[in-house]
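Okay, structure first, notes after.
The values are calculated or read from the model by the stated rules, or taken from the named source; none is laboratory data. Keep in mind that this is a model prediction, so the values were computed, not measured. With ideal geometry, Cβ positions are generated from the backbone for all residues, glycine too; neighbour counts draw on all protein chains shown.
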Amino acid sequence: MWFDGEFIEDAQARVSPLSHSLHYGGAVYEGIRFYEFPHNFWRSVFRLQDHINRLLVSAQVMDMESPYGAEELCEAVLESVKKSDLQAGYIRPAIFRGEGIGLMSPGIPVHTMIAVLPWAQGPDSISLATSKMIRLHPRSTSIGAKVAGHYVNSYLAAAEAKKSGANDALLLDYEDNVAETSIANVFFVKGETIFTPKTENIFPGITRDTILYLCHGEERDVSLQEAKEADAMFVTGTACEVLPVARLDDKVFDTENPLVRKIRAFFGHVVDSSCPVNKPWLSTLEPTSWASKLINPAKGANR
């Protein structure tokens, strides 16, 4: 783990039980994926600069000033991935306040950390239940900032959905239009048209932005009725990538929709460099030490 500019063992990381961010939910963070190239064992961190830029903007929203700039944090992420010796996985950078009680107490230290974790493949599709809760009102917070406290709304909605037998919740916005799930953006397919809720009342994800660029989807208000009249539905996010929705309440969707399958495949080829795009989205790294041995076995080694 990288913590305040130094690499330490995870067990050495110490956060006070009186951490301001623990009590008031003011931490900001990102979720970033890195992938293995299928043809040569090299690796790439997907849209690293965009994630780090958003992390720093979120910190500014919460009046936290990290001593580390975007370039330094990007370098720390890449070095963290190198030290992990993982060919693919998940990266969690975060900025948070340390010890200090009192909502507006001055002088509370700000910490920055980066963790690299293995990542397991998720399900092939999910089911959603429309939540009784609405998404955060855009005038109640800075909805485009990735703040830990925002996820109380997500947790409560997801917990409600799981009790009903669904995998996750679909939240509507304050105008009763479709917003997003607890942790992912949503897209719909009708014929050859791809559309997604506009950004005003949602957290606009980086994977969502990627899909819009690749597929030229429409951004507009989407009613719940229109959502259920779609041919297919899928969610997007760093963790789930592009994931079909099998069911929304009592509506069953085609998880094998040809257009959704093409989008999933296209996205997969973009992140592993099989299908390059004219965007600086991939930060490449050499193979791990053990993968390098597979590529260049020692001379004279046993066959």
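T193 meets the conditions (1) surrounded by fewer than 20 Cβ atoms within 10 Å (Cβ to Cβ); (2) β-branched (V, I, T); (3) in contact with a Phe, Trp or Tyr (Cβ under 8 Å, 6 or more places away or on another chain) in every case but one. The failed one is (3). Within region 58-77, the only residue that satisfies the criterion of being farther than 18 Å from K146 by Cα and at pLDDT below 95 is P67.
I'd like to check something: does region 234-254 contain any residue that is buried (at least 16 other Cβ atoms within 10 Å of the Cβ), charged (D, E, K, R), at pLDDT 95 or above and under 28 Å from E79 (Cα atoms)? Looking through region 234-254, at least one residue is buried (at least 16 other Cβ atoms within 10 Å of the Cβ), charged (D, E, K, R), at pLDDT 95 or above and under 28 Å from E79 (Cα atoms). Beta carbons closer than 7 Å, at least 6 apart along the sequence or on distinct chains, pair a first residue in region 89-105 that is touching a residue at least 60 places away in the same chain (Cβ under 8 Å) and closer than 17 Å to E65 by Cα with a second that is outside any strand (DSSP E or B) and of a type in the set (S, T, N, Q) for I95/S66; F96/S21; R97/S21; G98/S16; E99/S16.
Being at pLDDT below 95, in a loop (DSSP other than H, G, I, E, B) and either buried (at least 17 other Cβ atoms within 10 Å of the Cβ) or aromatic (F, W, Y) (or both) holds for only one residue in P280, P287, and it is P287. Every listed requirement among (1) modelled with pLDDT under 95; (2) within 15 Å of L285 (Cβ to Cβ); (3) charged (D, E, K, R) is met by R47 save one, (1).
In the set (1) modelled with pLDDT under 95; (2) within 26 Å of Y90 (Cα to Cα); (3) not charged (D, E, K, R), the condition left unmet by H216 is number (2). Quick check on region 249-267. Is at least one of its residues of a type in the set (D, E), at positive phi and assigned by TED's automatic domain parsing to the domain that holds T207? The answer is yes; a qualifying residue exists. Give me the residue from region 138-159 that is in contact with a Leu (Cβ under 8 Å, 6 or more places away or on another chain) and either hydrophobic (A, V, I, L, M, F, W, C) or part of a strand (DSSP E or B) (or both) and, out of that set, nearest to V61 (Cα to Cα). Once the filter is applied, the top-ranked residue is I143.
Taken together, the residues in region 147-182 that are in contact with a strand residue (DSSP E or B) (Cβ under 7 Å, 6 or more places away or on another chain), among the aliphatic types (A, V, I, L, M) and surrounded by fewer than 20 Cβ atoms within 10 Å (Cβ to Cβ) amount to 2. Please specify each residue of region 118-135 satisfying the condition of being surrounded by 12 or more Cβ atoms within 10 Å (Cβ to Cβ) and of a type in the set (A, V, I, L, M, F, W, C). Those that are surrounded by 12 or more Cβ atoms within 10 Å (Cβ to Cβ) and of a type in the set (A, V, I, L, M, F, W, C): W119, I126, L128, A129, M133, I134. For region 139-165, a tally of residues being in contact (Cβ under 8 Å) with a residue 60 or more places away in the chain and either of a type in the set (D, E, K, R) or in contact with a helix residue (DSSP H, G or I) (Cβ under 9 Å, 6 or more places away or on another chain) (or both) returns 8. Residue count for region 51-75 under the criterion of being in contact with a strand residue (DSSP E or B) (Cβ under 9 Å, 6 or more places away or on another chain) and more than 30 Å from M104 (Cβ to Cβ): the result is 1.
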